[in-house]
Every structure is written in C-alpha cells, then in structure tokens.
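First comes the structure, then the notes that go with it.
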Amino acid sequence: MSEQPLISVIVPVYKTEKYLDRCIQSIVDQTYKNLEIILVDDGSPDNCPAMCDAWAEKDSRIRVIHKENGGFSSARNAGLDAATGTYIQFVDSDDWIEPNMVEALVICAQQTHADIVRCGYYEEDGLRHLAFCSTAQTHCPDQNTLIVDLMNDGLMSGAVWNKLYRHSALGETRFRNGYSEDILFNYLLLAKEPKVVYVSEAYYHYRVNNGSVTNSTFRPSAFSIIEVKKQIMDAQTDEQVKPYCLKGYLNSAMIVMNNMLSSGKCMEYYPGLRAEILKYKWTVWCSSLYGARDKAKMLLLALSAKLYRKAVPKK
C-alpha cells in the first residue's frame, strides 16, 4: 500500500470485562499498524476502566476517554469528537475482528475512492458460527439499492461495526441517543449520496448476546426502530423504492409487536401498533412483494386481535 492513512478505531466500553481483552487484542494485532485506537469508557462500573488504562500503558496507539455513563451513542460520539484519522471504524467491545480487517477495507477504500466500505461478518453465539456475506466480490450499489438494503436488513445492514467510513464524509453527523442509532446514522450518511462499496469477505465477529437489551425483556425503546424506519419511508419520493421501504417498515413493526406479545410487556402499546400495521393491509394483500405467510398473518391480525395474540408463542 503506497499510502498509510491514519485509521481511528472507536470502541465504546461498558460492562464487557469478560470480552474486552479479546476485542482490544484483535485490534492491536491488525496487520495494518497506523491506528489510533480510542477506548471510550462510558462510566463502566466494573473492571473495564482499569483494563482500558492497562492497555494504554502497553500500546502507545491507544487513547482512553473516561466519561460519565451516557449510553452507546454518547460513547461513540465522544470517540468521533476525539478522532483524528482519515478513516473511522467502530468495534463493539464484546466483539472481535479478523487480523486483516482494517488493511482489507483501507485498500478497498483507496482503490475505489469509496466513502464507505462494507464487509461481511460472522454471528457468534458460542454454539454457531454463521457468515453473512455477499456473493459478488467488490461492487458499488446504486443509491436506491442502498436504501432498500438498509430498510430490509440486506447487505448494507444498519450496523456501523462492519464498515469503514471516510472521516470527511461524516462531517458533523453524529449518533442520536436511544433512537435505533446505527440505522439512523447510516441513513443520514446515505442522504449525502456517498460512494459505498461492498466487499464479499467476512472480517467482523459479532457476538450474539442472549442477555442483551434486544434479546431479553421487551422494552419501549424497541419502538425506536419503527419510528426511524417510518421516517426513512416517508422521506422517499421514488415510487420504485417506496414499496420496498414499506415492506422493511412493516417487517420491523411486526417483529416488535410479536416480541411485545410474547413477553407480555408494554401491552398498552398493542392497540395503537396493531392499528398502524393494519393501515397497510390492502397493500400487503394485493402486492407480489409479500408471500402467502405475510398475507395470512395480516389477515389473522385484521380478523381478531385476541386470536392473533393467542397465536404468538409466549416466551
């Protein structure tokens, strides 16, 4: 590689002492060495703050920011405000990355002049090791494909941790706390029409934590993904894109509703969410975008709220 731009790797840290050393070690061991590793201790009450400081003593590329707890978005924003690299990468502190991840994404960014490079990833739950990759080698999707992918959990995906971002392309874009921050962050960037490139290889290991917020007790914050997707859907003017955005919105709304019903939590929101979904029943029944299963679920929901509730498995 002819030029070695500085890469800022931002790691928000909170209550992950069990996994933190593996995460940081995987960054320190990168084949690409010109790194600025920013560990943001988000007021973690465990041993994480001391672990971060110990790592900083061992590697001069590591900087530690200690701050009061403000949430994931706040921690990432603190890292962004401190970052000086040409490119930005995010790594969650309970995950880890392949040794050549940074190098591969930087090479791709330089060769293609991309503002965002997205790679595949692995889901790890201790039992399974699933890869999520594209079949094409390296390609640059058009703007409509990017929006459709983002809304339907496609290759673009809402996550920020499997991407390399050109710092100048971010500008003043920041994460909004507690508001499906990854999806909204990526959408705000896509609105600037950056050049985005997909690479097929998987370099990131995402740990599926069955005890996390998204996989445990249902909480009202889960509704934020519906709000964000509705904002994105309503902002679209292209008639070819809108139906796919609606599908992504309805899919998320149904998932949130089913999780709410199965957990028995926040049931006061059920009538309103059911009514919102049913606004689009005729679209679902008449569109070829939806399969027989989707249409049957919508029919059951329309016929009887009580019957639909009984059909959802309880946790």
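Within region 170-187, how many residues are crowded, with 20+ Cβ neighbours inside 10 Å and in a loop (DSSP other than H, G, I, E, B)?
Number of matching residues: 2.
Note down all Cβ pairs under 7 Å where the first residue falls in region 183-211 and is of a type in the set (S, T, N, Q), the second is assigned to a strand (DSSP E or B) and open to solvent by less than 40 Å² (accessible area, probe 1.4 Å), and they're at least six residues apart or on different chains.
Sorted first by the residue in region 183-211, then by its partner, the pairs are Ser200/Gly120.
Could you give me the residue pairs with C-beta distances under 9 Å whose first residue belongs to region 290-315 and is closer than 13 Å to Met257 by Cβ, whose second residue is surrounded by fewer than 12 Cβ atoms within 10 Å (Cβ to Cβ) wherever it lies, and which are 6+ apart or on separate chains?
Listed by first residue and then by second, the contacts come to Leu300/Leu307; Leu301/Leu307; Ala305/Pro271.
Can you name the condition, by its number, that Ala50 falls short on among (1) small (Gly, Ala, Ser); (2) closer than 28 Å to Ala202 by Cβ; (3) open to solvent by 40 Å² or more (accessible area, probe 1.4 Å); (4) modelled with pLDDT of 95 or more?
(2)
Hey, can you tell me all the residues within region 94-144 that are acidic (Asp, Glu) and within 27 Å of Gly171 (Cβ to Cβ)?
Asp95, Glu103, Asp115, Asp142
Residues are listed down the side, and each one gets a yes or a no for (1) touching a Ser or Thr at 6+ places or on another chain (Cβ under 7 Å); (2) under 25 Å from Glu124 (Cα atoms); (3) free of Cβ contacts under 8 Å to residues at least 60 places away in the same chain:
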| residue | (1), (2), (3) |
| --- | --- |
| Ala54 | no, no, yes |
| Phe72 | no, yes, no |
| Thr84 | yes, no, no |
| Glu98 | no, yes, no |
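Out of the residues in region 1-38 that are in contact with a strand residue (DSSP E or B) (Cβ under 9 Å, 6 or more places away or on another chain) and assigned to a helix (DSSP H, G or I), which is surrounded by the fewest Cβ atoms within 10 Å (Cβ to Cβ)?
Gln25
Check Lys192 against each of (1) assigned to a loop (DSSP other than H, G, I, E, B); (2) under 26 Å from Ile255 (Cβ atoms); (3) at pLDDT 90 or above; (4) not acidic (Asp, Glu) and name the one condition it does not meet.
Among (1) assigned to a loop (DSSP other than H, G, I, E, B); (2) under 26 Å from Ile255 (Cβ atoms); (3) at pLDDT 90 or above; (4) not acidic (Asp, Glu), Lys192 violates only (2).
Counting residues that are under 21 Å from Ala235 (Cβ atoms), which strands (runs of 3 or more DSSP E) fully inside region 93-169 reach at least 1?
Counting at least 1 such residues, we get 116-124.
Taking region 1-21, which residues are among the charged types (D, E, K, R) and in contact with an Asp or Glu (Cβ under 9 Å, 6 or more places away or on another chain)?
Within region 1-21, Lys15, Glu17, Lys18 meet the criteria.
May I ask you to list the residues in region 216-254 that are open to solvent by less than 60 Å² (accessible area, probe 1.4 Å), in a helix (DSSP H, G or I), modelled with pLDDT under 90 and not hydrophobic (A, V, I, L, M, F, W, C)?
Hit for region 216-254 is Ser224, nothing else.
With respect to Ala275, determine if the residue is open to solvent by 60 Å² or more (accessible area, probe 1.4 Å) and without any contact (Cβ under 8 Å) to a residue 24 or more places away in the chain.
So Ala275 does not fit the description; no.
Is it fair to say Tyr269 is surrounded by fewer than 18 Cβ atoms within 10 Å (Cβ to Cβ), over 21 Å from Leu184 (Cα atoms), more than 24 Å from the chain's Cα centre (by Cα) and at pLDDT 95 or above?
no
What tally of residues in region 62-110 results from selecting those that are of a type in the set (Lys, Arg) and open to solvent by less than 30 Å² (accessible area, probe 1.4 Å)?
1
Against the definition (among the hydroxyl-bearing types (Ser, Thr, Tyr), under 20 Å from the mean Cα position of the chain (by Cα) and modelled with pLDDT of 90 or more), how does Ser288 come out, yes or no?
Answer is no for this residue.
The values are calculated or read from the model by the stated rules, or taken from the named source; none is laboratory data. Treat the numbers as computed from the prediction; the structure is a model and nothing was measured. For neighbour counting, all protein chains shown are included, and Cβ atoms are generated from backbone atoms with ideal geometry for every residue, glycine included. SASA here: full protein model, heavy atoms, side chains in, ligands and nucleic acids out. Shrake-Rupley method; radii C 1.70, N 1.55, O 1.52, S 1.80 Å.
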